[in-house]
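A.B. asks: Could you have a look at this structure, given as structure tokens, before my questions?
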Amino acid sequence: MEEIYKKLREQALEARKKSYCAYSHYAVGAALLDGDNEITLGCNIENASYGATNCAERTAFFKAVSEGKRNFKAIAIAGGKEGEEPVDYAYPCGICRQVMREFCSVKEFKVFVVKSVDEYEEYILEELLPKSFGPENL
Ligand code: THU
């Protein structure tokens, strides 16, 4: 499992290179691991109408879910100035945390926030989104 998590971190850094961040010049990449141990990548996609921007994490989730992938185990996220290596940790925004909540176990889903392959922080979703509202509340 450690090997695949390492690959996930590498892939998040790789996904950053596809970022379309014409306005913020802040490039984010995400790599999402599903129940079949397949990885779906995402990047942030900005828009001249700023509110139409989509975060890297949601790009990865929406791609994966739309392809029938489920049982997500982990996501790795890397962000920083376009064209440069990350210097800080890029934590997922509130909307992306809530999207994770819809499809993932708060106690099991791992979130890797990545500066480089070997420099990262690891959380479970519940640490990032405590006392949350989810599908079983309806
Ligand atoms: N961004 C993400 O891709 N993920 C996050 O969780 C936070 C922010 C993107 C959105 C926008 O393109 C840029 O970072 C600056 O906010």
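The values are calculated or read from the model by the stated rules, or taken from the named source; none is laboratory data. Keep in mind that what you see is a predicted model, and the values were worked out from it rather than measured. Note that we place each Cβ from the backbone using ideal geometry, even for glycine, and neighbour counts take in every protein chain shown. For the accessible areas, the whole protein counts, side chains as well, though only heavy atoms, and no ligand, DNA or RNA atoms are used. Shrake-Rupley method; radii C 1.70, N 1.55, O 1.52, S 1.80 Å.
A.B. asks: Sequence gap at least 6, Cα distance under 8 Å: using those rules, report the relative contact order of the chain to the nearest whole percent. Write down the numbers at each step before the final one.
C.D. replies: Details: 287 pairs, mean separation 29.5, N = 138.
Relative contact order here is 21 percent.
A.B. asks: If the limit is 25 Å between Cα atoms, which of 6/69; 69/115; 18/131 go over it?
C.D. replies: Pairs exceeding 25 Å: 69/115; 18/131.
A.B. asks: Averaging over every viewing direction, what projected area does the convex hull of the Cα atoms of the stretch 12-79 cover, in nm²? Could you put the intermediate results ahead of the total?
C.D. replies: Details: hull surface 17.1 nm².
Convex hull of Cα atoms, orientation-averaged projection: 4.3 nm².
A.B. asks: Any idea of the accessible area per residue across the chain, 1.4 Å probe, to the nearest Å²?
C.D. replies: Per residue, the chain has an accessible area of 54 Å².
A.B. asks: For an R0 of 35 angstrom, estimate the FRET efficiency from the Cβ-Cβ distance between residue 49 and residue 87 and round to the nearest 0.05.
C.D. replies: 0.75
A.B. asks: Let me ask you something else. Net charge around residue 109, counting only other residues with Cβ within less than 10 Å of its Cβ (Lys, Arg = +1; Asp, Glu = -1)?
C.D. replies: +2
A.B. asks: Right, something else. What is the local net charge at residue 21, summed over the other residues whose Cβ is closer than 14 Å to its Cβ (Lys, Arg +1; Asp, Glu -1)?
C.D. replies: On the way: positive: 16, 17, 18, 81; negative: 46, 82, 84.
Result for the neighbourhood of residue 21: +1.
A.B. asks: Using 0.36 nm per residue, how much length does the chain from residue 118 to residue 26 gain when fully extended, once their Cα-Cα distance is taken away?
C.D. replies: On the way: separation 92, 0.36 × 92 = 33.12 nm, distance 2.14 nm.
Length difference between fully extended and current span is 31.0 nm.
A.B. asks: Regarding the chain, what are the three Cα extents along the principal axes, ordered largest first, in Å?
C.D. replies: 39, 36, 28
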